[in-house]
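Everything below concerns the one structure shown next.
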Amino acid sequence: MSEGKFITVEGTEGVGKSTNIAFIQKEIEKRGIELVVTREPGGTPLSEEIREILLQKRNESVDATAELLLVFAARAQHLNTVILPALAAGKWVLCDRFTDATYAYQGGGRGLSLETIEQLEILVQKGRHPDITLLLDIDVETGLRRASARAELDRFESEHLEFFERVRNAYKQRVASRPDKFIVVDAAQTLVEVQKTIENALKPFLDRQG
Ligand SMILES: Nc1ncnc2c1ncn2[C@@H]1O[C@H](COP(=O)(O)OP(=O)(O)OP(=O)(O)O)[C@@H](O)[C@H]1O
Ligand SMILES: [Mg+2]
């Protein structure tokens, strides 16, 4: 049996990741492919608990390295108990955020060095990376407006605009360093336009596998 494909969706707050994951799920499943939809941080009971710890607003300031280690602890559990077994069984995995988000948030946002993140990436992932990543890109104010219209802001969403500008720029640097791994979509378009763009961009990838 051939291994499944590993697809991740990235972008800053409120850019439309969850909305479009539901759309991509339909595109994949209508081709008869078995799919696991999951998210980071999270995706297992332990990793979801770590997610809550990460997102909770608290009086104590959170050390950036502590935050980074929590993210990768959640990822190790998720990768080894959910993602890798699914891929090995021939299923596809569609994940809301993955390590590109760590480079963006803990690297760009918090200012941790890319080398430090890379060391943990090697330790935890052992060379395993997504096959393709969809980056939804939007100006941070529009994204935050969409996110805040939806629910109360969490610890990350409560950061200031410059933080999200750094996150967005770090995502763009990830794309620049590996353009063949990314599909970048302008998420400021209407939802219909965004989904048309995603459909067209993913079609060659999906048809190649189908
Ligand atoms: N292209 C679009 N145009 C207008 N509104 C949109 C568009 N895409 C998504 N939205 C709306 O923006 C809000 C945020 O979308 P969604 O929850 O999918 O974003 P997200 O990236 O998953 O956010 P988060 O980072 O908080 O998980 C939702 O209310 C959604 O309906
Ligand atoms: Mg979401």
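Overview of values
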item	result
Checking Gly43 against (1) within 15 Å of ligand 1 (Cβ to nearest atom); (2) in contact with a Pro (Cβ under 9 Å, 6 or more places away or on another chain), the condition it does not meet	(2)
Where a residue in the range 133-157 is of a type in the set (Gly, Ala, Ser) and its partner, wherever it lies, is within 8 Å of ligand 1 (Cβ to nearest atom), with Cβ under 6 Å and at least six apart	Gly143/Thr12; Gly143/Glu13; Gly143/Gly14; Gly143/Val15; Ala147/Glu13; Ala147/Gly14; Ala147/Glu157
Of residues in the range 1-31 being more than 16 Å from ligand 2 (Cβ to nearest atom) and either closer than 20 Å to Asp154 by Cα or small (Gly, Ala, Ser) (or both), the one surrounded by the fewest Cβ atoms within 10 Å (Cβ to Cβ)	Ser2
Members of the range 20-47 that are in a helix (DSSP H, G or I) and either farther than 18 Å from Val9 by Cβ or β-branched (Val, Ile, Thr) (or both)	Ile21, Ile24, Ile28, Pro45, Leu46
All helices (runs of 4 or more DSSP H) inside the range 83-151 with 3 or more residues being within 15 Å of ligand 2 (Cβ to nearest atom) and over 16 Å from the mean Cα position of the chain (by Cα)	140-150
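Residue by residue, here is whether (1) touching a Leu at 6+ places or on another chain (Cβ under 6 Å); (2) closer than 17 Å to Glu10 by Cα; (3) modelled with pLDDT under 95 holds:
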| site | (1), (2), (3) |
| --- | --- |
| Leu120 | no, no, no |
| Lys126 | no, no, no |
| Glu152 | no, no, yes |
| Gln173 | no, yes, no |
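The values are calculated or read from the model by the stated rules, or taken from the named source; none is laboratory data. Not measured: the values here are computed from a predicted model. For neighbour counting, all protein chains shown are included, and Cβ atoms are generated from backbone atoms with ideal geometry for every residue, glycine included.
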